[in-house]
Amino acid sequence: MNNISKSDNHISVCICTYKRPQMLSNLLSKLQNQVTENLFTYSVVVVDNDTGQTGKKIVNNWQDKSSVKINYFCEVEQNIALARNKAVSNAEGNFIAFIDDDEFPENTWLINLLKTQWKYEAAGVLGPVKPYFETEPPQWIIKGKICERASFPTGTALKNYFDTRTGNVLFNKAIFTDQEKPFNPEFGLTGGEDVDFFGRMMKKGLAFVWCDEASVYEIVPPNRFTKKYYLKRALLRGGSNSKNSALLSMDTVKSVIAIIIYTTALPFFLLCGQYLFMKYLIKDCDHIGKVLGLLNYKIVTKR
């Protein structure tokens with residue numbers, strides 16, 4: 001790392017956005033003061049997946065006052081995979097970071113990701129996505145840890161692609177060199193294009209590690225405080241994950257067993273508390289969505 005000069009390293013922070021202008025503006029604000037220690041420069045690529053270009057005015061406003069370069073593009077076909085591909089194709093420099101438009105980072109986000117990449121020479125580095133509640137959520141969300149995700153010690157090699165996502169990641173841009181469409185458009189309406197990408201890269205032998213110090217925060221608005229929201233999202237997530245599995249596989253057998261166990265235990269969880277009931281009902285729906293997806297039947301088809 002000591003032999004790498006500032007001019008050699010540039011990170012393109014890629015943001016795919018869809019009809020969240022206020023959240024996008026908040027994110028662009030938080031990206032203004034990333035700590036660099038003169039080890040790298042960075043710029044921002046915004047890809048608007050809304051044909052109405054609801055994010056364009058926000059970007060234009062920030063371009064006039066931003067301390068970092070911001071480029072705006074529009075992907076007219078509503079498809080998150082195509083939006084990600086457009087971001088990659090327009091990224092500058094030798095590293096690409098992805099962050100979601102409903103998130104915002106700590107000011108040491110990029111430098112912690114980059115230092116971890118240098119230390120472990122990984123193809124990519126992922127970090128925690130922590131919930132940020134605008135208002136106090138129901139207790140079943142807090143006690144059930146519904147919005148919390150798995151986290152690992154820094155340097156942990158991620159072996160299971162279901163632990164991956166593009167809500168907080170830094171890639172070595174070289175892994176995209178020979179890929180015209182790195183993210184599969186078949187996942188464009190359901191999501192899961194990121195998990196599919198990581199799965200394919202892992203099968204190629206590429207290594208991805210964790211940086212627990214590179215946190216970002218996901219804004220959880222009150223309209224997500226419903227049981228219906230999380231159950232539909234679990235069914236959709238399970239259906240998307242089914243594309244990475246075969247009907248006759250050990251993975252499918254595990255999901256069937258999980259459905260039987262979770263479904264049988266749900267009445268007991270309900271007696272113990274609503275938060276436990278919801279926590280395991282969501283897990284149940286993940287597996288139900290996956291098995292139904294393998295049978296080409298999907299209850300929820302769009303994000």
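Some points to look at:
- Checked against (1) surrounded by fewer than 19 Cβ atoms within 10 Å (Cβ to Cβ); (2) free of Cβ contacts under 8 Å to residues at least 40 places away in the same chain, H10 meets all criteria but (2).
- Some residue of segment 163-177 being over 25 Å from G93 (Cβ atoms), out of contact with any Asp or Glu (no Cβ under 8 Å at 6 or more places or on another chain) and open to solvent by less than 60 Å² (accessible area, probe 1.4 Å): yes
- Considering residues of segment 277-300 that are farther than 19 Å from A265 by Cβ and of a type in the set (A, V, I, L, M, F, W, C) only, the residue modelled with the highest pLDDT: L292
- Subset of segment 72-96 (residues that are within 16 Å of V13 (Cα to Cα), open to solvent by 40 Å² or more (accessible area, probe 1.4 Å), touching a residue at least 12 places away in the same chain (Cβ under 8 Å) and of a type in the set (S, T, N, Q)): N90, N94
- Condition check for K232: under 18 Å from the mean Cα position of the chain (by Cα) and in a loop (DSSP other than H, G, I, E, B): no
- Boolean, Y217 is closer than 29 Å to A97 by Cβ and open to solvent by 20 Å² or more (accessible area, probe 1.4 Å): yes
- When I96, I111 are checked against the criterion of being touching a Phe, Trp or Tyr at 6+ places or on another chain (Cβ under 6 Å) and aliphatic (A, V, I, L, M), a single residue qualifies: I96.
- Among residues of segment 133-169 being among the hydroxyl-bearing types (S, T, Y) and out of contact with any helix residue (DSSP H, G or I) (no Cβ under 7 Å at 6 or more places or on another chain), the one that is nearest to Y217 (Cα to Cα) is S151.
- Looking at F198, F183, just one residue is part of a loop (DSSP other than H, G, I, E, B), in contact (Cβ under 8 Å) with a residue 12 or more places away in the chain, surrounded by 14 or more Cβ atoms within 10 Å (Cβ to Cβ) and among the aromatic types (F, W, Y), and that residue is F183.
- Of the residues G238, G191, the single one that is closer than 18 Å to I282 by Cα, assigned to a helix (DSSP H, G or I) and touching a helix residue (DSSP H, G or I) at 6+ places or on another chain (Cβ under 8 Å) is G238.
- One residue from L82, L31 being in contact with a Pro (Cβ under 9 Å, 6 or more places away or on another chain), more than 20 Å from N168 (Cβ to Cβ) and of a type in the set (A, V, I, L, M): L82
- Only one entry in I141, I99, I70, I146 is within 13 Å of the chain's Cα centre (by Cα) and among the hydrophobic types (A, V, I, L, M, F, W, C), namely I99.
- Among the residues of segment 31-52, the ones that are under 22 Å from the mean Cα position of the chain (by Cα) and in a loop (DSSP other than H, G, I, E, B) come to 3 in all.
- Residues that are open to solvent by 10 Å² or more (accessible area, probe 1.4 Å) and touching a helix residue (DSSP H, G or I) at 6+ places or on another chain (Cβ under 9 Å) within segment 31-48 comprise Q32, Q34, V35, T36, E37, N38, L39, T41, Y42, listed in sequence order.
The values are calculated or read from the model by the stated rules, or taken from the named source; none is laboratory data. As the structure is a prediction and not an experimental result, all values here were calculated from the model. Every residue, glycine among them, receives a Cβ derived from its backbone with ideal geometry; neighbour counts consider all protein chains shown. Ligands, DNA and RNA are stripped out before the accessible areas are found, and what is left, the full protein with its side chains, is counted by its heavy atoms. Shrake-Rupley method; radii C 1.70, N 1.55, O 1.52, S 1.80 Å.
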